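See structure below.
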Amino acid sequence: MKKFVMTAVAAAALSAGVAQAYTVGTFTNGVVVPNVVHNTVADTTAVGFVNQSTGTIGVFWTFFDQNSNHVTDGCFPMTSKQYKPFIWSQESGVGLEGKRGYLVFAVGANTAASSTAAACAAANATAQGSGAVLAASAFQVNTAAQDVAFVPVIDGDLTISGNLSTMGPDSLTAVTGAAPVGNTFSLRYGVDGAVNSGVDTRIAVWSLGDQRGTHTVNMYDDQQNRKSVNFELKEAELSWFDPETISGRPASFRDGFIEWNSGVVPADFPGSTALGSLPAATRGVFAYSTIIAPAFGAVQSILGAHIVP
């Protein structure tokens, strides 16, 4: 969301001794679901929440497109110890079928609201500080394919400026559960040489910065063979790309991983090198692969493993 230049923060992170990996499965003041879409009611992202606080809370949510533009938002109350499902196809409103983006869920400042009616009031639409309040899990549910694919949820406390009911591209300034820019990621892939048929992979890359451009990477197969290739991240905040379409990939490279240094700014980066002023430790990157494997009869989600500097 808050734009930045990736190399500058990578250098700062290393000099500051930042060492941070993903955090998932904890209770915090909010979460990011980094890859959200619904195509029909039968193919939709579904999120489940648990309120571990002792009071009634308001959970304010905002849906951003892949370039971090605000699209729509809302709020729902949760009483103490409540579990609540959130089905994106039911909550999105009209006109968003097929529109990919990400969701930010944040707990309002008043975590002891006297009623569910008050929990989402304008007076409570400021972000709560750190706190073990909310946890979430998410899946992409495809009833036609009879498949439920795991969607990672980024937790760790969120840092948000401004009003939760009017969040914009610069409102979210830190996500503790994401990895710092500068980490080197190993992004898994599995393909069979037939695009959009059989074994396919999609790689999701989400960040708190402008990641656009053509990234030069090393691609490995399952026999330790290496080839230098490129992949393009076309969107600033959330990209969802097919590694099977990478030009120059050897036809024999069917299973392996892509090694990507998230701190290198591409030569064709279209943004400004003067963007951003947030502390390096607050920058975050999160990546995972979704592999469709007919032999297993299911879609597999694999987190992008990363080397912490």
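Return yes when GLY58 is open to solvent by 10 Å² or more (accessible area, probe 1.4 Å) and assigned by the TED database to the domain that holds VAL151 and no when it is not.
No; evaluated as a whole, the condition is false for this residue.
Suppose we filter region 144-161 for residues that are under 13 Å from the mean Cα position of the chain (by Cα) and open to solvent by 40 Å² or more (accessible area, probe 1.4 Å); how many remain?
The number of residues fulfilling the criteria is 1.
Would you check if VAL181 is touching a helix residue (DSSP H, G or I) at 6+ places or on another chain (Cβ under 6 Å), under 25 Å from ALA295 (Cβ atoms) and not small (Gly, Ala, Ser)?
no
When you check VAL199 against the structure, is it under 30 Å from PRO294 (Cβ atoms) and either of a type in the set (Lys, Arg) or over 16 Å from the mean Cα position of the chain (by Cα) (or both), yes or no?
yes
What are the residue pairs meeting all of these: first residue in region 245-274, first residue over 24 Å from TRP206 (Cβ atoms) and in the same structural domain as TRP206 (by the TED database), second residue aliphatic (A, V, I, L, M) and in a loop (DSSP other than H, G, I, E, B), Cβ atoms under 7 Å, and 6 or more apart or on different chains?
Sorted first by the residue in region 245-274, then by its partner, the pairs are ARG254/VAL191.
Name the single residue, out of those in region 233-251 being touching a Lys or Arg at 6+ places or on another chain (Cβ under 8 Å) and among the acidic types (Asp, Glu), that is surrounded by the most Cβ atoms within 10 Å (Cβ to Cβ).
GLU235
Scanning region 196-206 for residues that are more than 16 Å from SER186 (Cα to Cα) and of a type in the set (Gly, Ala, Ser), which turns out surrounded by the most Cβ atoms within 10 Å (Cβ to Cβ)?
Restricting to residues being more than 16 Å from SER186 (Cα to Cα) and of a type in the set (Gly, Ala, Ser), the top hit is GLY198.
Which of the residues spanning region 178-200 are closer than 8 Å to GLY284 by Cα and small (Gly, Ala, Ser)?
Across region 178-200, the qualifying residues are ALA178, ALA179.
Among VAL195, VAL141, VAL191, which is the only one that is under 24 Å from ILE87 (Cα atoms) and among the hydrophobic types (A, V, I, L, M, F, W, C)?
Within the list VAL195, VAL141, VAL191, the selection yields VAL141.
Is there a residue in region 133-154 that is in contact with a Phe, Trp or Tyr (Cβ under 9 Å, 6 or more places away or on another chain), in contact (Cβ under 8 Å) with a residue 24 or more places away in the chain and at positive phi?
Within region 133-154 (the criterion being in contact with a Phe, Trp or Tyr (Cβ under 9 Å, 6 or more places away or on another chain), in contact (Cβ under 8 Å) with a residue 24 or more places away in the chain and at positive phi), the answer is no, since none of the residues qualifies.
With open to solvent by 40 Å² or more (accessible area, probe 1.4 Å) and either modelled with pLDDT of 90 or more or not aliphatic (A, V, I, L, M) (or both) as the only criterion, which of GLY297, GLY284, GLY263, GLY256 stands out?
GLY297
The values are calculated or read from the model by the stated rules, or taken from the named source; none is laboratory data. The shown structure was predicted, so the numbers you read here are calculated from the model rather than taken from an experiment. Glycine gets a Cβ as well: all are built from the backbone with ideal geometry, and neighbour counts include every protein chain shown. The protein model used for the area step is the full one, side chains on, heavy atoms only, and it has no ligands, DNA or RNA in it. Shrake-Rupley method; radii C 1.70, N 1.55, O 1.52, S 1.80 Å.
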